[in-house]
Amino acid sequence: MIPESFITLAMQVDEVFLLIGGAILVIEIAEAWFKGNLKGKTWLEMLASASTQVPYLLLETTMMTALYFGLYIFSAEIVTWHLPTSWPWLIAAILLADLTYYWEHRIAHRVRLLWTQHAVHHSSRDYNIVTAVRFGPLESLWSFIAHLPMVLVGFSPDVVLGSVILVQAYQTWLHTELIGKLGPLEWVLNTPSHHRVHHGCDAKYLDKNYGGILILWDRLFGSFQVEEERPRYGLTTDFDSQNPVKVWFSEMPALWRDIKRAKSARELRGRLFGPPGWKP
């Protein structure tokens, strides 16, 4: 398979998962309506989640397009070694992208500067399929940086980008409470049950289940937690706004205040690159 065909296939798979997500959303809305839980706040929360696509896509079509254009030139001119694009190598690329996503995701939870972007995805107190598209404006920049080693190994930018799309597309259906536990699949795959844990702000659920497609990485690296009682969703802080601008930049005001308060270079490094909640 040529790399261009692979990325086309990845886009088609992404569209399939979007259709699945749309079907789940219809069922979620119908269920909430029958139960009398479809309040105005629910709609506002969904709109706030969807609104994050405005700055995200704006940066995708400008900054990220330019960066990927540069990556294609770098791969063609500097990286003189290229891996085959046969199916065994494509499967290896998807697995490597999934492992990369695990560490990219885990680091984003533990480095405050990166958390300012990823916290947007976690800031909703509701948990439904629309949460899947709730992104920080600059999340894709960190993803781009994290996947650069794949290009240096010899995978073409098309294969890397296609693999990233597949890992992200798979996660669309995870953002729902409609689907319970899935038996033996829970041992290998990331499932809605595992991902609900990841979105929980209860102490036992914090910083668990970072996986994209496979939950094996969490089991291997000690970050796995089974879903027991229903999680309380959202951030540990009391963020409960449906104002789109506040949702987009929810963590930035506090970070800016802490930067201005920093009394030394060490403290500034801690405020920027320490874990969320770091104090001198």
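Are any of the residues in segment 74-84 of a type in the set (Ser, Thr, Tyr), surrounded by fewer than 11 Cβ atoms within 10 Å (Cβ to Cβ) and either touching an Asp or Glu at 6+ places or on another chain (Cβ under 8 Å) or over 29 Å from residue 128 (Cα atoms) (or both)? Among the residues of segment 74-84, at least one is of a type in the set (Ser, Thr, Tyr), surrounded by fewer than 11 Cβ atoms within 10 Å (Cβ to Cβ) and either touching an Asp or Glu at 6+ places or on another chain (Cβ under 8 Å) or over 29 Å from residue 128 (Cα atoms) (or both), which makes the answer yes. Looking across 42, 65, 85, one residue alone is under 29 Å from residue 254 (Cα atoms), hydroxyl-bearing (Ser, Thr, Tyr) and at pLDDT below 95. It is 42.
Per-residue answers, yes or no, for (1) under 19 Å from residue 129 (Cβ atoms); (2) over 19 Å from the mean Cα position of the chain (by Cα); (3) surrounded by 13 or more Cβ atoms within 10 Å (Cβ to Cβ):
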residue: 11; (1), (2), (3): no, no, yes
residue: 17; (1), (2), (3): yes, no, yes
residue: 23; (1), (2), (3): yes, yes, no
residue: 64; (1), (2), (3): no, no, yes
residue: 69; (1), (2), (3): no, yes, no
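In summary, helices (runs of 4 or more DSSP H) completely within segment 8-80 and bearing 2 or more residues that are in contact with a Lys or Arg (Cβ under 9 Å, 6 or more places away or on another chain) occur at 40-51. Here 93, 119, 48 are screened, and the one residue that is buried (at least 20 other Cβ atoms within 10 Å of the Cβ), more than 16 Å from the chain's Cα centre (by Cα), within 28 Å of residue 217 (Cβ to Cβ) and small (Gly, Ala, Ser) is 93. For residue 234, the requirement of being surrounded by fewer than 17 Cβ atoms within 10 Å (Cβ to Cβ) and on the phi > 0 side of the Ramachandran plot is not met.
Kindly evaluate residue 233 against the criterion of being of a type in the set (Ser, Thr, Tyr) and in contact with a Gly (Cβ under 7 Å, 6 or more places away or on another chain). So residue 233 passes the test. Here residue 153 meets each of (1) crowded, with 17+ Cβ neighbours inside 10 Å; (2) touching a residue at least 60 places away in the same chain (Cβ under 8 Å); (3) of a type in the set (A, V, I, L, M, F, W, C) with one exception, condition (1). Figure legend. Inter-residue proximity from segment 258-269: first residues assigned to a helix (DSSP H, G or I), second residues surrounded by 15 or more Cβ atoms within 10 Å (Cβ to Cβ), beta-carbon distance below 6 Å, spacing 6+ or different chains. Indicated pairs: 258/271; 259/271; 268/262.
Can you pull out the residues in segment 100-158 that are part of a loop (DSSP other than H, G, I, E, B) and not hydroxyl-bearing (Ser, Thr, Tyr)? Residues satisfying the conditions are 111, 125, 126, 128, 134, 135, 136, 137, 138, 147, 154, 155.
The values are calculated or read from the model by the stated rules, or taken from the named source; none is laboratory data. On a predicted model such as this, the values are computed, not experimentally measured, just so you know. Neighbour counts are summed over all protein chains in view; Cβ atoms, including those assigned to glycine, are modelled from backbone coordinates with ideal geometry.
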